[in-house]
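All remarks here apply to the structure that follows.
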Amino acid sequence: MPSDGKESELTERIEAFMGQLRQRQTPGSYSVAYTTLDILRRVVSQTRWQTAKDLMVIVKREGRRLVSAQPSENVVGNMIRRVLKIIREEYARLRGQNEEGDQESLHKLLVAGVEDDDYSLGLHGLKPAVIEAINEMMTELESSADNIAMQALEHIHSNEIIMTVGRSRTVESFLKSAARKRKFQVIVAEGAPFYQGQVLAKNLAEKGIETVVITDSAVFAMMSRVNKVMIGTHTVMANGGLKAINGSHGIALAAKHHSVPVIVCASLFKLSPQFLVSSDQAAFNRFVSPEEVLSFSEGDLVSKVHIPNPVFDYVPPELVTLFISNIGGNAPSYVYRLLSELYHPEDHDL
């Protein structure tokens, strides 16, 4: 348990963050990931534990609480798994082992979950080593969007027409970076019923980028003149599929029909070892108030109809051409390899 002087402070931070997750008051995936790491760093430094095994039990316990506050916020679970991987790696390093060498072949990847070590050996220096590794990860998180934007000139060329949907801060930064040296046009589907695409179009236009706003229903008609589609995503699933803003699936299908490449900008912290279970849409998706679709002022009509208003779409991996992350570009088929580097197989299920 946390030491007496800091117990209430840590508990208050965790409860406050859980409240923000429940009420969806977090501004974006990056903020959620960074705050989760900050809390886990405090858990490592302010709780009493003797061995790596004790620490992993504490991290998993607090992690499950955070995940339960908002199950659709996948990056919370991703950060918990990254910290658990850090604990395992630092433990192995301090014991003079090299865990990386055990995961070279596909066969070894499949059997990597079988381990002899139970992490019950007390090691001097484990706490500062884990905290330092978490600090490095937070620094990596801070620079992830910039690292993606730096690759813009490799993918966007002069006089191209780019289509996107809604507003992804990563895509916005990517397009603005390319606009410093290239002239191109952006077609933005407005992303009804939240209309975040209009916000993106305004921001791009202010930077001198030629921007056209279209309704979501006009995507297919406009796709034939588009050179590439660039979208952000909330989560990259284990099979390379996307949990992306509502409307993304329609754009990806139109792009497939017209043989237009679909490029997804997503930092590695959005990569999840979870799969979509088609029978459990409620856990995968997030449904919000139908006020944006049909106003409550239409009381007589609202009481007679059922109006689901999902936030996300699932985009299967076969509709995605390329992922651009903070470490470079990868095809959806390479996601399994990235998962093995980021997460330990025993931590996939918290």
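The values are calculated or read from the model by the stated rules, or taken from the named source; none is laboratory data. Everything numeric here is computed off the predicted structure, so don't read it as measured data. Quick reminder, even Gly has a Cβ in these numbers, built from the backbone with ideal geometry, and neighbours come from all protein chains shown. Ligands, DNA and RNA are stripped out before the accessible areas are found, and what is left, the full protein with its side chains, is counted by its heavy atoms. Shrake-Rupley method; radii C 1.70, N 1.55, O 1.52, S 1.80 Å.
Looking only at region 128-155, count every residue that is in a helix (DSSP H, G or I), over 20 Å from Glu341 (Cβ atoms) and aliphatic (A, V, I, L, M) and tell me the total.
Residues that pass the stated criteria total 5.
Every residue, every condition in (1) farther than 22 Å from Leu141 by Cβ; (2) polar (S, T, N, Q); (3) surrounded by fewer than 17 Cβ atoms within 10 Å (Cβ to Cβ), yes or no:
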residue: Leu204; (1), (2), (3): yes, no, no
residue: Gly208; (1), (2), (3): yes, no, yes
residue: Val212; (1), (2), (3): yes, no, yes
residue: Val236; (1), (2), (3): no, no, no
residue: Leu242; (1), (2), (3): no, no, no
residue: Gly250; (1), (2), (3): yes, no, no
residue: Phe269; (1), (2), (3): no, no, no
residue: Ser272; (1), (2), (3): no, yes, no
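I'd like to know if region 90-110 contains one or more residues that are out of contact with any Leu (no Cβ under 7 Å at 6 or more places or on another chain), assigned to a helix (DSSP H, G or I), open to solvent by less than 30 Å² (accessible area, probe 1.4 Å) and at pLDDT 85 or above.
So far as region 90-110 goes, yes, one or more of its residues are out of contact with any Leu (no Cβ under 7 Å at 6 or more places or on another chain), assigned to a helix (DSSP H, G or I), open to solvent by less than 30 Å² (accessible area, probe 1.4 Å) and at pLDDT 85 or above.
Name the residue, out of Phe287, Phe296, that is of a type in the set (Phe, Trp, Tyr), at pLDDT below 95, touching a strand residue (DSSP E or B) at 6+ places or on another chain (Cβ under 6 Å) and more than 30 Å from Ser143 (Cα to Cα).
Numbers: Phe296 fails: touching a strand residue (DSSP E or B) at 6+ places or on another chain (Cβ under 6 Å).
Result of the check over Phe287, Phe296: Phe287.
Here is a list: Glu160, Glu115. Which entry is surrounded by 13 or more Cβ atoms within 10 Å (Cβ to Cβ), modelled with pLDDT of 95 or more and not hydrophobic (A, V, I, L, M, F, W, C)?
Details: Glu115 fails: modelled with pLDDT of 95 or more.
Glu160 is the lone residue from the list that is surrounded by 13 or more Cβ atoms within 10 Å (Cβ to Cβ), modelled with pLDDT of 95 or more and not hydrophobic (A, V, I, L, M, F, W, C).
Could you please give the count of residues in region 323-350 that are in contact with a strand residue (DSSP E or B) (Cβ under 9 Å, 6 or more places away or on another chain), within 16 Å of Asn239 (Cβ to Cβ), of a type outside the set (Phe, Trp, Tyr) and outside any loop (DSSP other than H, G, I, E, B)?
Filtering region 323-350 down to residues in contact with a strand residue (DSSP E or B) (Cβ under 9 Å, 6 or more places away or on another chain) leaves 323-325, 329-332, 334-335, 337-339, 342-343.
Adding the requirement that they be within 16 Å of Asn239 (Cβ to Cβ) leaves 323, 330-332, 334-335, 337-339, 342-343.
Then drop every residue that is not of a type outside the set (Phe, Trp, Tyr), which leaves 330-332, 335, 337-339, 342.
In the following step, the residues that additionally are outside any loop (DSSP other than H, G, I, E, B) were identified as 330, 332, 335, 337-339, 342.
Looking only at that region, the number is 7.
So in region 323-341, with the set limited to residues that are of a type in the set (A, V, I, L, M, F, W, C) and surrounded by fewer than 16 Cβ atoms within 10 Å (Cβ to Cβ), which one is farthest from Asn285 (Cα to Cα)?
Quick first cut of region 323-341, residues of a type in the set (A, V, I, L, M, F, W, C) only: 323-324, 327, 331, 335, 338-339.
Restricting the remaining residues to those that are surrounded by fewer than 16 Cβ atoms within 10 Å (Cβ to Cβ) gives 327, 331.
Numbers: Ile327: 28, Ala331: 24 Å.
Once the filter is applied, the top-ranked residue is Ile327.
Right, Arg61: crowded, with 16+ Cβ neighbours inside 10 Å and either on the phi > 0 side of the Ramachandran plot or of a type outside the set (A, V, I, L, M) (or both) or not?
Working: crowded, with 16+ Cβ neighbours inside 10 Å: no; either on the phi > 0 side of the Ramachandran plot or of a type outside the set (A, V, I, L, M) (or both): yes.
No, not satisfied.
With respect to Thr233, determine if the residue is under 22 Å from Asp146 (Cα atoms) and among the β-branched types (Val, Ile, Thr). Give the steps one after another, and end with the answer.
On the way: under 22 Å from Asp146 (Cα atoms): yes; among the β-branched types (Val, Ile, Thr): yes.
Judged against the criteria, Thr233 is a match.
Examine region 331-344 for a residue that is over 15 Å from Asn74 (Cα atoms) and charged (D, E, K, R), and state whether such a residue exists.
The first filter runs over region 331-344 and keeps only residues over 15 Å from Asn74 (Cα atoms), leaving 331-338, 340-341, 344.
Among the residues that remain, those that are also charged (D, E, K, R) are: 337, 341.
Yes; the residues of region 331-344 include at least one that is over 15 Å from Asn74 (Cα atoms) and charged (D, E, K, R).
Out of region 13-63, which residues are outside any helix (DSSP H, G or I) and farther than 24 Å from Arg88 by Cα? Walk me through how you get there before you give the answer.
The initial filter retains those residues of region 13-63 that are outside any helix (DSSP H, G or I), namely 23-28, 47-51.
Across region 13-63, the qualifying residues are Gln23, Arg24, Gln25, Thr26, Pro27, Gly28.
Just name the residue that is nearest to Thr233 (Cα to Cα) out of those in region 27-46 that are open to solvent by less than 40 Å² (accessible area, probe 1.4 Å) and hydroxyl-bearing (Ser, Thr, Tyr).
Let us first name the residues in region 27-46 that are open to solvent by less than 40 Å² (accessible area, probe 1.4 Å), namely 28-29, 31-33, 36-40, 43-44, 46.
Adding the requirement that they be hydroxyl-bearing (Ser, Thr, Tyr) leaves 29, 31, 36.
Details: Ser29: 10, Ser31: 15, Thr36: 19 Å.
Once the filter is applied, the top-ranked residue is Ser29.
Could you please find all residues in region 64-89 being modelled with pLDDT of 95 or more and either at positive phi or in contact with a Gly (Cβ under 6 Å, 6 or more places away or on another chain) (or both)?
Ile80
In region 235-249, what residues are within 12 Å of Asn78 (Cα to Cα) and in contact with a strand residue (DSSP E or B) (Cβ under 7 Å, 6 or more places away or on another chain)?
Taking region 235-249 and keeping what is within 12 Å of Asn78 (Cα to Cα), we get 235-238.
Thr235, Val236, Met237, listed by residue number.
For the list (1) open to solvent by 10 Å² or more (accessible area, probe 1.4 Å); (2) closer than 22 Å to Ser31 by Cβ, I need the number of the one condition that Asp216 fails.
Only one criterion is unmet by Asp216, namely (2).
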